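Read the figures in this text as sums done on the coordinates, not as results from a lab. Note that this is a predicted model, so its numbers are computed, not measured. Counting neighbours? That spans all protein chains shown, and the Cβs are built from the backbone with ideal geometry, glycine included.
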Amino acid sequence: MLTFIFRRLLIATGLIFVISLISFFMITLAPGSPYPWGELNPKISPQVKEAFRKKFHLDRSLPEQYWLNMRDLFSGRLKSIKDERPVLERIGERLPATLMLNVYAICVSLVFGLVWGVWAAQRAGTWPDVVSSVASFALIALPGFWIAYLILIGLVKHASVPVLGTQSYGILFPNMLSMGLDRIWHIVLPGTILALGGIAVQSRFIRATVLEAMREDYIRTARAKGLPEESVFYKHALRNAIRPLITGIGSLLPALIGGSLIIETIFAYPGMGRLGYEAVLERDYPTLVAINFIAAALILLGNLLADILYAVVDPRVRLE
Amino acid sequence: MNTPTQDQPAVADSPVRRVLRDFFRKPIALISVFVIAVFCLTALITGLCALGGIYFPYDPNATDLANKLRPPSMAHWLGTDNLGRDVLTRMLNGSYVSLTVGFVAMTVSLLIGVVVGAVSGYFGGWIDNVLMRIVDALLCFPSFFLILTAVALLGPNIWIIIVVIGLLSWTGTSRLVRAEFLTLRETEYVRAARALGQRTPKIIFRHILPNAFAPIFVTAVVGIPEAILIEAGLSFINLGVQPPQATWGNIITDGKSYLLDAWWLIVFPGMAIFLAALAFYLAGDALREAADTRSERK
């Protein structure tokens, strides 16, 4: 087990560097420049330009730039071109909000996906199952920003609930508990909309796995020895639903981190997606490098966690 | 299950026919194919007319400030936007852009995915290792963010958007094709073809690929709505196909400033995206079920 984790960490480190290389060269080779002024602006003296280039290593060759960027990232000295604050500090402000939103969305997807998938699998082939499968594809086909707007129209017009940001402003909270509850309330709506597609995908996945398990020999054996149908289903077939649940943790994360940008924009939620989007538009190379690095690390960590969980719950899986 | 029954002679029961017969037996499949056909026909007709400079019912870019933000009426069935442009006309003109993005981006990603998956699965060894590690690396990027970065850096032009979506969404297809090839390359007919001394490309494309057709076709059908939804998402952050060319996504984006006053700017184009995507997803699912030989058919 330990050797497995160690080997996976080694591979992950390698992958992360490949990823950072790809992202760095993709960003820097693309047209456009990070200068806060127009490149041909005559009012900026060559000395100022030179000093700016030197400060952000833009005078070096690309491989050197990559090396300096990575070195500064690890020593925490990497500064944003936009406001010259340390990149890690800028990300640190946003990361907790994004993590809370995504963890909430993943939990919602897994829990509701499980319940829905099992419900549908029990009714496979009947009309409620057909309706539920159409409904699940409807959730996948919903453009997230569209449904968010429709809900916003409804909420703002018919019930004045606070939906923007991470907390209610202008209110002094008497204690930590009510402040925490207020924060959670601000996650519920964007997080649930973010999770809609995940719920549907997860439920399809779990329904398929449970149905496949129902065709296995051990289910026939369980039935043959006279076990009641509930016991066959809940004790023997349902255990198979754990596998898609774990895969879900690993596979939902990348989609969520990307997809949360749109939801963060609509709900004025200060997360990483928004930060990354602004960094792209401003050609803020250091911030982008750091964001890509951290996002990839999170995703790899999620995958590793899923693999370890696999081995923990399923003794058939051997980790060598 | 594959053996022909009494009333169906073996000749008529080719795999493709069997899949199609099972497919068109489902009401949901019929409805979704109908919806897709309506969308495609509309897009084709308005697209051809737009090429010839003919627009109906109005000119999509004709502004009419006296009639701006009018709710749906007899003159403007789906209302007008903030510049008095007819929403129905703009949606019709957006339909061929959105569907083109869907079809072409899917084709690009399918081509790459099939070639990478086929090479990886057929040859195995270090080629497989290298290709699959690249896929792993690509999967570690938040995909929408990667597409957004590429489009923002290269400039939001319709062809760039299509190519970027296609170039960055083939990973799933390649894994699927690889898995198919891993099992199919060990079959007797492939070994026979190899023993007969046929060249590798011919074995891959003539013998193995047709047998992996069903799952590939299903991913193709599902890839279309995905590309449409991604383009809509890009439009939302102003990185989609640029105005004045209307797309379903950018009509919503233009309309979001009038969220509380002009619901028709949000509801109708969103409905079009939703219905088109849903029809493709349902058709893809029905096709998957029809092609799935393992599932029990009662």
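In whole Å, what are the Cα extents of chain B along the three principal axes, biggest one first?
Computed over chain B, the largest-to-smallest principal extents equal 76, 51, 35 Å.
Output the relative contact order of chain B, whole-number percent, from Cα pairs under 8 angstrom with separation of 6+ residues.
Values: 388 pairs, mean separation 71.4, N = 298.
It comes to 24 percent, rounded to a whole number.
Could you please tell me the mean projected area of the C-alpha convex hull for chain A, averaged over all directions and given in square nanometres to one decimal? Don't skip to the answer; put the middle values down first.
Details: hull surface 93.5 nm².
Average of the hull's projected areas for chain A equals 23.4 nm².
Averaged across orientations, what area in nm² does the convex hull of the alpha carbons in the range A:8-147 project? Kindly include the intermediate steps, with their values, before the conclusion.
On the way: hull surface 56.2 nm².
For the range A:8-147, averaging the hull's shadow over all directions gives 14.1 nm².
Which GluC sites (Glu not before Pro) does the range B:175-233 hold that lie in a coil by DSSP with at most 15 other beta carbons within 10 Å? Could the numbers behind the result be given before it?
Values: sites: B:GLU180, B:GLU186, B:GLU188, B:GLU226, B:GLU231; in loops: B:GLU186.
For GluC sites (Glu not before Pro) across the range B:175-233 that sit outside H, G, I, E and B with at most 15 neighbouring Cβ atoms in 10 Å, the list reads B:GLU186.
For chain A, calculate the relative contact order in percent as a whole number, restricting contacts to Cα pairs under 8 Å that are 6 or more residues apart.
On the way: 305 pairs, mean separation 93.8, N = 320.
Relative contact order, chain A: 29 percent.
Dividing the convex hull volume of the alpha carbon atoms of the range A:188-320 by its residue count, what do you get in Å³ per residue?
Once divided by residue count, the hull of the range A:188-320 is 127 Å³.
Which log10 I(q)/I(0) values does the range B:31-127 give at q = 0.10, 0.18, 0.24 Å⁻¹ under the Debye formula, counting every alpha carbon as one identical point scatterer?
-0.44, -0.89, -1.14
Taking springs between alpha-carbon atoms closer than 10 angstrom, which of B:SER73, B:SER109, B:SER174 fluctuates most in the Gaussian network model of chain B?
Between B:SER73, B:SER109, B:SER174, it is B:SER73 that shows the largest mean-square fluctuation.
Go through B:PRO244, A:ILE91, A:PHE24 and say which Cα lies farthest out towards the positive end of the charge dipole of the protein assembly as shown; charges sit on Cβ, +1 for Lys and Arg, -1 for Asp and Glu.
So the residue we want is A:PHE24.
Using bins 5 angstrom wide from zero, how does P(r) for the range A:102-224 break down, in % of all Cα pairs?
For the range A:102-224, the pair-distance distribution reads 2, 10, 15, 16, 15, 13, 10, 7, 5, 4, 3, 1, 0, 0.
Along each of its three principal axes, how wide is the spread of alpha-carbon positions in the range B:155-298, in whole angstrom units, largest first?
That works out to 70, 45, 18 Å along the principal axes.
With a Förster radius of 25 Å, plug the Cβ-Cβ distance of A:VAL130 and B:THR107 into 1/(1 + (r/R0)^6) and report the FRET value to the nearest 0.05.
Values: r = 31 Å, r/R0 = 1.24.
Here the calculated transfer efficiency is 0.20.
Short version: what are the Cα gyration tensor semi-axes of the protein assembly as shown, square root of 5 times each eigenvalue, largest first, in whole Å? Let's see the in-between values first.
Details: eigenvalues 319, 216, 160 Å².
Here the semi-axes work out to 40, 33, 28 Å.
Can you run the Rg to Rh ratio on the range B:183-226? Use alpha carbon positions and the Kirkwood inverse-distance Rh. Before the final figure, lay out each step's value.
Working: Rg = 13.2 Å, Rh = 11.5 Å.
Rounded to two decimals, Rg over Rh is 1.14.
Hey, got a sec? Which trypsin sites (Lys or Arg not before Pro) in the range A:197-286 land in a DSSP loop and have at most 16 other Cβ atoms within 10 Å? Display every interim value, and only then the final one.
Details: sites: A:ARG204, A:ARG207, A:ARG215, A:ARG220, A:ARG223, A:LYS225, A:LYS235, A:ARG239, A:ARG274, A:ARG283; in loops: A:ARG215, A:LYS225, A:ARG283.
Hits after loop and neighbour filter: A:ARG215, A:LYS225.
Is the range B:135-176 rounded, prolate or oblate when judged by the Cα gyration tensor, a ≥ b ≥ c being the square roots of its eigenvalues, rounded requiring a/c under 1.5 and prolate requiring a/b larger than b/c?
Working: a/c = 3.62, a/b = 1.68, b/c = 2.15.
Note, shape of the range B:135-176 comes out oblate.
Hey, which aspartates and glutamates would be in cross-link range of A:LYS82, C-alpha to C-alpha under 20 Å, not counting anything within fewer than 8 residues on its own chain?
Result set, ordered by chain and number: A:GLU39, A:GLU50, A:ASP59, A:ASP72, A:GLU93, A:GLU278, A:GLU282, A:ASP284.
If you project the alpha carbons of the range B:219-286 onto their three principal axes, what span does each projection cover, largest first, in Å?
Projected onto the principal axes, the Cα atoms of the range B:219-286 cover 40, 22, 16 Å.
What Kirkwood hydrodynamic radius, in Å, does the range B:54-101 give when the mean of 1/r is taken over all pairs of distinct Cα atoms and then inverted?
Working: mean 1/r = 0.0932 Å⁻¹.
Value: 10.7 Å, from the Cα pair sum.
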